[in-house]
Structure formats: C-alpha cells, structure tokens
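Everything on this sheet refers to the single structure shown next.
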Amino acid sequence: MTLIEADAVRGRTMTSWPSLRTDLTNAGAKWVDREVVVDGNLITSRKPQDLPAFDREMVRLFADARAHA
C-alpha cells in the first residue's frame, strides 16, 4: 500500500476494499464504507463496481482545478 508507506493517509478519510481497513486505520486514516470518498485532492473507492462514482469525482476534481487555474 504505497499511500501508507508514504505516510499520506494519516488524518484522511478514505474507503477501500474492506480487507485494507485495519491497515489504513492503523496508519491513521478514518476508514468508511462508501462507494467513493473525496478528502481534499484524494479520491478513494472500494471496488471495480464503484468506478463510475470514482470517475465522476475525478472529473469534478479536474474541472474544479481547471476553473481555479
């Protein structure tokens, strides 16, 4: 889990495949069971079936960044 190794999850709210919950929580993240979670510029989802929601939020993030550029 690269984000954990980079100490990039501490204090962040995230979702993931349920088997990663303990690792993320131990690394300081707040884990929630949702199809997609947006925490600042970090967007996470749980599984392939959640990709439409993940894609929607990525497009929104890119559009917001472009509007503020």
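The values are calculated or read from the model by the stated rules, or taken from the named source; none is laboratory data. Keep in mind it's a predicted model, so treat the numbers as computed, not measured. FYI the Cβ positions are ideal-geometry reconstructions off the backbone, even for glycines, and counts take in every protein chain you see.
Scanning the stretch 35-69 for residues that are exposed (fewer than 15 other Cβ atoms within 10 Å of the Cβ) and assigned to a loop (DSSP other than H, G, I, E, B), we see that the one that is modelled with the lowest pLDDT is Ala69. Give the residue, chosen from Thr2, Thr25, that is exposed (fewer than 15 other Cβ atoms within 10 Å of the Cβ), touching a Phe, Trp or Tyr at 6+ places or on another chain (Cβ under 8 Å) and without any contact (Cβ under 8 Å) to a residue 12 or more places away in the chain. When all the criteria are applied, what remains is Thr25.
Thr22 satisfies every condition listed in (1) within 14 Å of the chain's Cα centre (by Cα); (2) within 16 Å of Ala8 (Cα to Cα) except (1). Being within 25 Å of Phe62 (Cβ to Cβ) and loosely packed, with under 13 Cβ neighbours inside 10 Å is the filter here; which residues of the stretch 5-22 pass it? Listed by number, the residues that qualify are Ala6, Gly11, Trp17.
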